[in-house]
Amino acid sequence: MDGDDQGHWLIGRAEIDPGLRDRVADDYRRLARAGPPDRYHEWIAERYGLDLSTGFAGHRLSNPWAKASGQLSMNRQQVAEDIEAGLGYIVLKTVIAETGDGAQSMSAWSIREARMLVESITSRRGERGWTVSWKGRGWWGTFAEYLDLLAAAREDAASSQTLIVPSVKYHLPAPGESEWLVEEYEHTTQKLVEAWQTTDDSPMPLEKDFSPTLAGSGHARVRETVIEWLRRVPALIRGAVDGGRVVVGLKIFNALFDDEFQLALLRSIQEADGIEATDWWTYGNRLFDPRREFDGHRGIAYGGPDLSDRNLRVLSAFQAEVGPAMRPLAATGNINSGRMALEYALRGASSFQLHTFFQLPNERYALTGGTRTQKALHELYLHPEDGLVVWLEHLARRWGLAHDPLRFVDVVGRGRPDR
């Protein structure tokens, strides 16, 4: 198992007991007609002797699946469906930070545009996949409406094991600017913590979104500027509230520079300490093509196999540098199967944020009923060739991992299965 030339490590067919393969295939077909049982993640865990629990932002999760920030997490009904489906956590649509008088330095990212196009895409090496195109960027409603959504989502999730995570785009100074709009960080963070703590007073996880659209912005044309953003932002968020009330994550975008620059970004996160350190990081948000067009708009982000190829390549190199000292990682980017999720897990990811895979055409899912989230989970777990169950068992056999239960976290960060 040498891996392919794009750095994929889980290639070919999973090597597992034929009886287990038959059982997975039977469950896949049977549940496709009957629908998933209640408490689906627990059913999967019990049926296959798995411990799916993991950690994120200082919280224990029952499973590693998450909804990434975007058009699918911007109203209470969407969030409620994902809570019902039992996702480990949900990252809300990215809100644009503002000052006390409502001014937004990043207002250009607050575009009222909800139309999306899900379409097939072919990678540079000829692999077919899916991408979603839209002109919108961040939350376009009022900040008060976002606070209401956060409080309502927290209330709806209170009796579940699903974690709710707000996402924010704060001010970032352009190259040559030295002043940070600290008031944006203070006002926005304080109000979010107030909304979060209407349910309980636990620390609030917050994801700072470095959107892929930044890649096409003049803001991101100077490399040193981007690294300075990553260094300063965690301290500004933490400094906005009393100590310990917020847990900070950075969602890292793919710049238009080469892989070495991506590694420089990751090194800057890894080397930060104290108030400047991030508690977790999400990698890596979509690619950006300044020539790609959608609905009359030129320059949009995209996903698909090219995205996962680059992410896996960069993460492989970074893992080789830092090993088990790597800071907690959440993966995103073309996670379209349990196999792909485990590719990220082997490189250190302990949870997975999906967006595109939750909105494919209905005929692309075997499950005939239920929500898109439930349909996607059925594929992610039980697909007989690409599901997490068969590939996790493959890794267990490869490494001689203990069963009863077989723990998902035991494969996180272990690196290439042939070593």
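Each reported figure results from applying straightforward, stated rules to the coordinates on display, with no laboratory input. All figures in this text were calculated on a predicted structure; none of them were measured in a lab. We place every Cβ from the backbone using ideal geometry, glycine too, and count neighbours over all the protein chains shown.
Roughly what angle does helix 18-34 make with the longest principal axis of the chain, taking Cα atoms, 0 to 90 degrees, to the nearest 10?
Rounded to the nearest ten degrees, it is 60.
Classify region 1-80 from the C-alpha gyration tensor, please: rounded if a/c falls under 1.5, else prolate or oblate depending on whether a/b exceeds b/c.
oblate
Ratio of alpha-carbon Rg to the 2.2 N^0.38 Å globular estimate for region 201-354, to two decimals, please.
Taking the Cα Rg and dividing by 2.2 N^0.38 Å, one obtains 1.04.
Please compute the net charge surrounding D258, taking Lys and Arg as +1 and Asp and Glu as -1 over other residues with Cβ under 13 Å from its Cβ.
With Lys, Arg at +1 and Asp, Glu at -1, the neighbours total +1.
If I model a spin label at R33 and R398 as a point 7 Å from the Cα along the Cα→Cβ vector, what separation in nanometres do I get?
Between R33 and R398, the simple spin-label model gives 3.5 nm.
In Å, what Kirkwood hydrodynamic radius results for region 18-410 from the alpha-carbon pair distances?
Roughly 21.4 Å, rounded to one decimal.
Restricting to DSSP H runs of at least four residues, report the calculated mean residue ellipticity at 222 nm for the chain, -39500 (n - 2.57) per run over all residues, nearest 500 deg cm²/dmol.
-11000 deg cm²/dmol
With the Cα gyration tensor of region 1-140 giving a ≥ b ≥ c as the square roots of its eigenvalues, does the rule (a/c under 1.5 for rounded; else a/b larger than b/c for prolate; else oblate) give rounded, prolate or oblate?
Taking the square roots of the gyration eigenvalues as a ≥ b ≥ c, region 1-140 is prolate.
Rounded to the nearest Å, what's the spacing between the alpha carbon centres of region 47-80 and region 264-307? Just the number, please.
21
Taking 0.36 nm per residue of sequence separation and subtracting the Cα-Cα distance, how much length would be gained by fully extending the chain between A25 and A174, in nm to one decimal?
Length difference between fully extended and current span is 48.3 nm.
On a straight-distance basis, which lysines could pair with K191 in a cross-link, Cα separation under 19 angstrom, same-chain partners fewer than 8 positions away excluded?
Cα-Cα hits under 19 Å: K93, K169, K208.
Compute the acute angle (0 to 90°) between the alpha-carbon long axis of helix 223-238 and the principal axis of greatest extent of the alpha-carbon atoms of the chain; round to the nearest 10°.
90
Have a look at the DSSP beta bridges in the chain and tell me what percent are antiparallel, nearest 5.
30
Any number yet on Rg/Rh for region 301-419, C-alpha, Kirkwood?
Answer for region 301-419: 0.98.
Shape verdict for region 68-178, please, from the Cα gyration tensor: rounded (a/c under 1.5), prolate (a/b greater than b/c) or oblate.
Verdict is oblate for region 68-178.
Full extension from E119 to R313: what is 0.36 nm times the residue separation minus their Cα-Cα distance, to one decimal in nm?
67.4 nm
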